[in-house]
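Since the structure comes first, as structure tokens, the remarks are kept for the end.
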Amino acid sequence: MINDIKKDAEVRMQKSIDALSSAFTRIRTGRAHPGILDGVTVEYYGADTPLSQVANINVEDARTLAISPWEKQLVPQIEKAILKSDLGLNPSTSGNLIRIPMPALTEETRRGYSKQARQEAENARVSVRNIRRDANATVKELLKEKAISEDEERRAEEQIQKITDKFIAAVDAKLETKEAELMEI
């Protein structure tokens, strides 16, 4: 019973870490990588479709992304979608190919992105703590129902806390790495 609670908490905490990783890929660093455009959707036959499903996204060089849509008529819609996204990118088109030069980050934008990264990390920490709270509440329920003893409850809460500490440390490590990426010139 207690092992199931711990496993469930660990799986849910890992999902929080995964969500943090995907949030970090959307925060732009000085280098070009296709993950920056993950949140961009294009209207395609009446449905909003992720950009990666209607075009190939390649890294042309360290500061340029190249997008080649699978259908020529999508070029203006893709340009519009990139401009509408709040990424601060200006696409330029030449025929079927859309190039997106990554502007160099100023000190001010680096600080802004760093602040955004810290906020995402804090959201992940809160999520991990909420999962810990849920797991501890489930353990307390088992104690109330007399399914476990007080010693088992205390031991389970200590183990859940260790799991929580491990995942909070993982969040902090990811944040440190992202901030280092943002601050390098």
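Bear in mind these aren't lab numbers, they're just calculated from the coordinates by the rules spelled out. This is a predicted model, so every value here is computed, not measured. Heads up, the Cβs are rebuilt from the backbone with ideal geometry, glycines too, and the neighbour counts pull from every protein chain shown.
Annotations for the structure displayed:
- Helix 150-183 vs. the chain, principal-axis angle (Cα, 0 to 90°, nearest 10): 20 degrees
- Options Q53, A117, A147, ranked by Cα towards positive dipole end of the chain, top entry (Cβ charges): A117
- Largest first and in whole Å, the equivalent-ellipsoid semi-axes of segment 54-93 read 16, 15, 7, each the square root of five times a Cα gyration tensor eigenvalue.
- For M102, distant residues with modelled amide H under 5 Å away: T64, L65
- Tilt relative to the chain, helix 75-84 - C-alpha long axis, 0 to 90 degrees, to 10: 50 degrees
- Centroid-to-centroid separation of segment 1-41 and segment 133-185 [C-alpha atoms, Å]: 17 Å
- Estimated 222 nm signal from helices in the chain, with DSSP H stretches of n ≥ 4 weighted -39500 (n - 2.57), rounded to 500: -20500 deg cm²/dmol
- Put a dot 7 Å past the Cα of D38, heading toward its Cβ, do the same for R155, and the two dots end up 4.0 nm apart.
- The chain - Rg (one decimal) and Dmax (whole number), Cα, Å: 22.0, 71
- In this Cβ point-charge picture (+1 for Lys and Arg, -1 for Asp and Glu), the chain has a dipole of about 200 debye about its Cα centre.
- Computed from Cα atoms, the angle from the helix 2-25 axis to the main principal axis of the chain rounds to 20 degrees.
- For segment 122-185, the spread of Cα positions along each principal axis, largest first, Å: 59, 17, 9
- Volume per residue that the Cα convex hull of segment 34-101 spans, once the total is divided by residue count, Å³: 76 Å³
- Among the trypsin sites (Lys or Arg not before Pro) in segment 100-185, those located in a DSSP loop and surrounded by at most 16 other Cβ atoms within 10 Å of their own Cβ are K146.
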